[in-house]
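Before any comments, here is the structure.
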Amino acid sequence: MDIQGRKLIKIATAGSVDDGKSTLIGRLLYDTHSLTTDKIEAIERSSKQRGYDYLDFSLATDGLVAEREQGITIDVAHIYFNTDKTNFIVADTPGHVEYTRNMVTGASTSQVAIILIDARKGVIEQTYRHFFISNLLRISHVVVAINKMDLVEYSEDVFLKIKADFDVLVGKSDFTEEQITFIPLSALKGENVTRKSEHMPWYVGNTLLDHLEVLEPEDLQESAAARFPVQLVIRPKTEAYHDFRGFSGKLYGNTLQVGDRVTVLPSGNESTIKSIHFFDQELESAAPGSSIVLTLADEVDCSRGDMIVKSGEAPSSEKSISATICQVNSKALKVGGKYILQHGINRVLAKVDQIEAKIHTDFSGTEEAEQLKLNDIGKVHFRLSKPIHFDSYHQSKSNGAFILIDEGTFDTVSVGFIE
């Protein structure tokens with residue numbers, strides 16, 4: 001929930017060229033009254049200048065000059081809109097193969113993925129990649145928006161054929177927890193986006209917006225062990241808080257409660273949670289996603305970069321890891337390469353021990369590779385200068401992800417997901 005008591009849902013969109021992704025987002029903004037008057041006037045003016053007899057809602061989202069000129073999405077944009085019940089953040093990500101890195105990074109914090117399919121084209125190669133990436137990122141809820149139904153005469157047979165083809169693709173996935181919802185729509189005409197379509201009486205499901213509004217954030221959160229990386233040790237040293245020693249950070253995975261027995265890593269020292277603070281409030285428990293301050297009953301060694309976990313629920317601690325990585329830098333990743341691996345707020349030195357395989361994003365398997373180039377996805381084994389305390393990405397997104405940083409330029413080289 002946000003501070004106004006509304007739900008917050010984070011969405012990633014993906015679609016191929018001319019699938020109508022930008023038009024769909026623009027339609028959502030327009031129908032939820034999230035566009036300013038001057039923005040609407042600019043859309044009307046630009047649409048008229050281009051000779052369109054309709055409003056080109058894609059102009060609401062394609063912000064870069066190059067995007068407007070080419071009619072494609074290049075960069076990731078974060079777009080905000082809301083209803084009376086829900087606040088939405090949309091990561092509008094590119095769908096083209098040369099921008100795979102943008103989609104991976106843009107969708108990495110999303111709870112829902114909307115994959116657009118042009119009803120005239122059906123499931124194509126890029127659809128495979130979009131679904132593969134949603135699987136890779138373990139996005140638990142996927143909406144397959146079959147767009148441009150107005151151009152296939154709102155045919156139920158076309159919809160069912162695309163649904164059957166996509167179900168074959170779902171059968172190739174190893175992520176069995178994800179939920180798939182199919183919605184036929186026309187973003188340009190506004191059919192089944194925010195209002196029910198009279199042209200598709202055979203579709204009995206919710207509109208896209210209604211479907212998104214009934215989702216509950218707690219149902220979209222991963223179920224994982226509690227992880228509390230310590231960001232800062234708080235010692236006010238004032239008269240009122242002379243002996244106060246708290247540990248601030250953001251809680252991931254699961255709840256923590258006063259009285260819970262916890263372990264501090266890497267020392268392994270144990271204690272009990274004495275109190276939980278949120279601004280000027282003192283809480284009995286804290287939910288995942290909360291930024292809080294913990295105090296412990298014992299004077300244990302704990303500093304920035306340490307991790308507090310429930311006793312008996314410790315993560316793995318190793319000096320070597322295997323991970324699936326996406327290369328986001330034009331400088332290829334090669335065996336023997338040395339990098340800085342940032343896991344949470346901690347940094348360790350890492351060496352590429354082995355490139356196990358390059359992964360085909362069409363679910364067709366893997367191939368041997370001596371290097372991973374920009375936008376490639378592959379399995380890599382690393383040796384580290386010291387242990388990190390990690391979970392597999394399947395078990396914990398927050399504690400199973402990392403980035404690789406170039407030692408010389410400090411550029412981000414790769415994003416990784418621990419096996």
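The values are calculated or read from the model by the stated rules, or taken from the named source; none is laboratory data. The structure presented is a predicted model; accordingly, all values stated were derived computationally and were not measured. Note: ideal-geometry Cβ built from the backbone for every residue, glycine included; neighbour counts use all protein chains shown. With ligands, DNA and RNA removed, areas are computed over all heavy atoms of the protein, side chains included. Shrake-Rupley method; radii C 1.70, N 1.55, O 1.52, S 1.80 Å.
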Margin query: So if I check each of I321, I355, which one is in a strand (DSSP E or B) and in contact with a Lys or Arg (Cβ under 8 Å, 6 or more places away or on another chain)?
Written below: I355
Note to self: Scan the stretch 271-285 and tell me whether some residue there is in a loop (DSSP other than H, G, I, E, B) and buried (at least 16 other Cβ atoms within 10 Å of the Cβ).
What the structure shows: no
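Scan S316, S364 and give me the residue that is of a type in the set (S, T, N, Q) and in contact with an Asp or Glu (Cβ under 9 Å, 6 or more places away or on another chain). Spell out how you get there, then give the answer.
Numbers: S364 fails: in contact with an Asp or Glu (Cβ under 9 Å, 6 or more places away or on another chain).
It is S316.
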Checklist line | Which listed residue is closer than 23 Å to R195 by Cβ, out of contact with any Gly (no Cβ under 7 Å at 6 or more places or on another chain) and hydroxyl-bearing (S, T, Y), from S58, S46, S22 | finding: S22
Check: When you look at L169, is it within 29 Å of S34 (Cβ to Cβ) and either open to solvent by 20 Å² or more (accessible area, probe 1.4 Å) or at pLDDT below 95 (or both), yes or no?
Finding: no
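Anything in the stretch 16-53 that is outside any helix (DSSP H, G or I), in contact (Cβ under 8 Å) with a residue 60 or more places away in the chain and out of contact with any helix residue (DSSP H, G or I) (no Cβ under 7 Å at 6 or more places or on another chain)? List them, or say none. So that I can check it myself, show each step before the final result.
Filtering the stretch 16-53 for residues outside any helix (DSSP H, G or I) gives 16-20, 32-36, 50-53.
Narrowing the set further to residues that are in contact (Cβ under 8 Å) with a residue 60 or more places away in the chain leaves 16-20, 32.
If the condition is that a residue be outside any helix (DSSP H, G or I), in contact (Cβ under 8 Å) with a residue 60 or more places away in the chain and out of contact with any helix residue (DSSP H, G or I) (no Cβ under 7 Å at 6 or more places or on another chain), then V17, D18, D19, G20, T32 are the ones that fit.
Looking at the stretch 390-397, is at least one residue farther than 25 Å from T127 by Cα and among the hydrophobic types (A, V, I, L, M, F, W, C)?
Of all residues in the stretch 390-397, those farther than 25 Å from T127 by Cα come to 390-392, 395-396.
Narrowing the set further to residues that are among the hydrophobic types (A, V, I, L, M, F, W, C) leaves 390.
So far as the stretch 390-397 goes, yes, one or more of its residues are farther than 25 Å from T127 by Cα and among the hydrophobic types (A, V, I, L, M, F, W, C).
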Notebook entry, point to check: Is it fair to say Y393 is buried (at least 16 other Cβ atoms within 10 Å of the Cβ), aromatic (F, W, Y) and not in a loop (DSSP other than H, G, I, E, B)?
Noted result: no
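Are any residues in the stretch 294-307 part of a strand (DSSP E or B) and more than 26 Å from the chain's Cα centre (by Cα), and if so, which ones? Walk me through it before giving the result.
Taking the stretch 294-307 first, the residues part of a strand (DSSP E or B) are 294-296, 307.
Listed by number, the residues that qualify are L294, T295, L296.
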Next item on the list: Could you check G246 against (1) open to solvent by 20 Å² or more (accessible area, probe 1.4 Å); (2) over 30 Å from R27 (Cβ atoms) and say which number it fails?
Entry: (1)
Next item on the list: May I ask you to say which residue of V380, V415, V352 is closer than 26 Å to K250 by Cβ and either open to solvent by less than 50 Å² (accessible area, probe 1.4 Å) or among the hydroxyl-bearing types (S, T, Y) (or both)?
Entry: V415
Next item on the list: Among the residues of the stretch 319-342, count how many are more than 26 Å from the chain's Cα centre (by Cα) and open to solvent by 30 Å² or more (accessible area, probe 1.4 Å).
Entry: 5
Item checked: Positions within the stretch 256-270 being closer than 21 Å to S303 by Cβ and surrounded by fewer than 17 Cβ atoms within 10 Å (Cβ to Cβ), in sequence order -> R261, P266, S267, G268, N269, E270
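Quick one: is G253 in contact with a strand residue (DSSP E or B) (Cβ under 7 Å, 6 or more places away or on another chain) and surrounded by 15 or more Cβ atoms within 10 Å (Cβ to Cβ)?
On the way: in contact with a strand residue (DSSP E or B) (Cβ under 7 Å, 6 or more places away or on another chain): yes; surrounded by 15 or more Cβ atoms within 10 Å (Cβ to Cβ): yes.
Judged against the criteria, G253 is a match.
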Notebook entry, point to check: Of L169, L188, L212, which residue is in contact with a helix residue (DSSP H, G or I) (Cβ under 7 Å, 6 or more places away or on another chain) and part of a helix (DSSP H, G or I)?
Noted result: L169
Item checked: Tabulated pairs, the stretch 150-166, first outside any loop (DSSP other than H, G, I, E, B), second of a type in the set (F, W, Y) and open to solvent by 40 Å² or more (accessible area, probe 1.4 Å), C-beta under 6 angstrom, 6+ apart or interchain -> E156/W202
Margin query: Which numbered condition in (1) assigned to a helix (DSSP H, G or I); (2) touching a strand residue (DSSP E or B) at 6+ places or on another chain (Cβ under 9 Å); (3) open to solvent by 10 Å² or more (accessible area, probe 1.4 Å); (4) of a type outside the set (S, T, Y) is the only one that I133 fails?
Written below: (3)
